[in-house]
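Here is the structure we will look at, set down as structure tokens.
The values are calculated or read from the model by the stated rules, or taken from the named source; none is laboratory data. These numbers come from a predicted model, not from an experiment. Every residue, glycine among them, receives a Cβ derived from its backbone with ideal geometry; neighbour counts consider all protein chains shown.
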Amino acid sequence: MSLYSLTISEARDLLIKRDLTVQNIVSSIFARIDAVEEKVSAFLTLTKDEAFSAAEDAQKKINRGENKSLLGIPFAIKDNMCTRNIRTTCASKILHNFVPPYESTATTRLSAEGSVLIGKTNMDEFAMGSSTENSGVQITKNPWDLERIPGGSSGGSAAAVAADECIAALGSDTGGSIRQPASFCGVVGLKPTYGRVSRYGLVAFASSLDQIGTITKNIRDSAIVMNAIAGHDPCDSTSAPLPVPDFTAVLGRDIRGMRIGIPKEYFIEGMDREVEQAVKEAIRHLESAGAIPIEVSLPHTEYAVATYYIIATSEASSNLARYDGVKYGLRNEGKDLMDMYVSTRACGFGAEVKRRIMLGTYALSSGYYDAYYRKAQQVRTLIKKDFEDAFRTVDVLITPTAPTPAFKIGEKTADPLQMYLSDIFTISVNLAGVPAVSVPCGFTSGNLPVGLQIIGNHFDEESLFRIAYAYEQGTEWRLRKPAL
Ligand code: GLN
């Protein structure tokens, strides 16, 4: 096996036993990038020099007998997390030259555990999208089929993990942006509970929904990364002051008697047949391992997409007001201040970002606020209550991650509504603030990965890990690799 395909726990064992060095792993990753990146286009920035100097550092620590959890592990980071002295663009022209003077808490915590940054990954501009086609820079290809999108908005991170261009990655998820690309690329994507991981240094899209999470090759790696990044941070007032359990401790624990809820609203007309079959087969598998399936209802599901697109765009219109050409990013000079603002924003933002700023500004404007924004907040409360009710009778919920496998490049770009519908199964989770993970559960006849979504109660990532690990270990999907 090549070094670049190691998982975190495999690499760590070999490093600790001194069977290989961090430099060996990092060299192997960059050789892999040289071989496949031209086809995949997952990265916006590669940090090779920094990576080799971090590798040297990590190796010294290993030699001294230090035992941190991510010592020497190569990571890719979505380009909306601030990395000190390393360009952070959100794949937007308006931030093309932004070099943050500070580091996000999540990446600070990764480095504190000894991780090695390989590069920053492509995304939909400001994380708005489901295919990475809204990137202002480049289109990332799905490693399983280069004519297809990798999903989005964390498409670069998911593709990089699937293509073995890094061992693990961070993404962000506002309405599905970790889980949907993970599902399309055949890797594991976890969106933690809102408040579990600090958002300090994450460029804000919709602050009441955004959450940083993990994209990894398997469930154990996700638990290891979560151990590193989770926990209260005084720099983010929405991060929860709760103790963080050791997420690896539940792996391997028996799932007999666990109640898995199957929401009937998530098996809908128009859903891909092969996706439906794969998910139903996964439920049977869990049942044979001793879990108890129970049909449940989340009655307000049909309003989720509409509610999300009012709340997310409203928050975005406010958050993106800061890109005005004054403090950082692109600046187009104009004849006066107003002219400078207008010209900077007109040329710095892409079409989808502009669409959302306009939608959100409209929904918040006086006279429409009650009809749209306030109404959406009320419906959000009902959606949240659906989940609270369901979790009174079940431990987790099981659904497909997305209604279809990865679609073709260009297939949905002309119709934003079709694009929005690809998040139909992931969006409610963000509105409710609960955690969810996508884990590979099969392949279509065209060899495209399918993802199973497991949703948990607030701050109960442990149940997700327990069920997902049992499922993963009982199946072999994670062993398949794309032929690049
Ligand atoms: N695809 C959804 C959107 O376009 C979700 C994006 C995300 O989670 N960042 O808003």
Residue pairs within 7 Å by beta carbon, gap of at least six or interchain, first lying in segment 234-250 and over 13 Å from Thr105 (Cβ atoms), second small (Gly, Ala, Ser), listed first then second, are Ala240/Gly195; Val244/Ala230; Val244/Gly231; Phe247/Ala223; Thr248/Ala223
Gln138 meets each of (1) touching a helix residue (DSSP H, G or I) at 6+ places or on another chain (Cβ under 7 Å); (2) closer than 30 Å to Phe407 by Cα; (3) assigned to a loop (DSSP other than H, G, I, E, B) with one exception, condition (1)
Of the candidates Thr344, Thr313, Thr301, the one satisfying the condition of being within 14 Å of the ligand (Cβ to nearest atom), crowded, with 19+ Cβ neighbours inside 10 Å and either free of Cβ contacts under 8 Å to residues at least 12 places away in the same chain or among the hydroxyl-bearing types (Ser, Thr, Tyr) (or both) is Thr313
When segment 341-373 is checked residue by residue, the ones that are in contact with an Asp or Glu (Cβ under 6 Å, 6 or more places away or on another chain) and either among the acidic types (Asp, Glu) or over 21 Å from Tyr308 (Cα atoms) (or both) are Tyr341
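This table checks each residue for (1) in contact with a Ser or Thr (Cβ under 7 Å, 6 or more places away or on another chain); (2) small (Gly, Ala, Ser).
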residue	(1), (2)
Ala414	no, yes
Met419	yes, no
Pro435	yes, no
Ser438	yes, yes
Thr444	no, no
Reported set for segment 123-137 where residues are more than 10 Å from the ligand (Cβ to nearest atom) and in contact with a Gly (Cβ under 9 Å, 6 or more places away or on another chain) is Glu125, Thr132, Glu133, Ser135, Gly136
Next on the checklist: Whether any residue in segment 214-228 is touching a residue at least 24 places away in the same chain (Cβ under 8 Å), within 16 Å of the ligand (Cβ to nearest atom) and closer than 16 Å to Ala106 by Cα is what I want to check.
Outcome noted: yes
Taking segment 188-204 and keeping residues in a loop (DSSP other than H, G, I, E, B) and in contact with a Gly (Cβ under 9 Å, 6 or more places away or on another chain) leaves Pro192, Thr193, Tyr194, Gly195, Arg196, Ser198
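Yes/no per residue for (1) touching a strand residue (DSSP E or B) at 6+ places or on another chain (Cβ under 8 Å); (2) touching a residue at least 24 places away in the same chain (Cβ under 8 Å):
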| position | (1), (2) |
| --- | --- |
| Gln418 | no, no |
| Ile454 | yes, yes |
| His458 | no, yes |
| Tyr469 | no, yes |
| Glu476 | no, no |
| Leu479 | no, no |
| Leu484 | no, yes |
Out of (1) hydroxyl-bearing (Ser, Thr, Tyr); (2) in contact with a Phe, Trp or Tyr (Cβ under 9 Å, 6 or more places away or on another chain); (3) more than 15 Å from the ligand (Cβ to nearest atom); (4) at pLDDT 95 or above, the one Tyr328 does not meet is (4)
Sole miss for Glu287 among (1) more than 22 Å from Val429 (Cβ to Cβ); (2) under 22 Å from the mean Cα position of the chain (by Cα); (3) part of a helix (DSSP H, G or I) is condition (2)
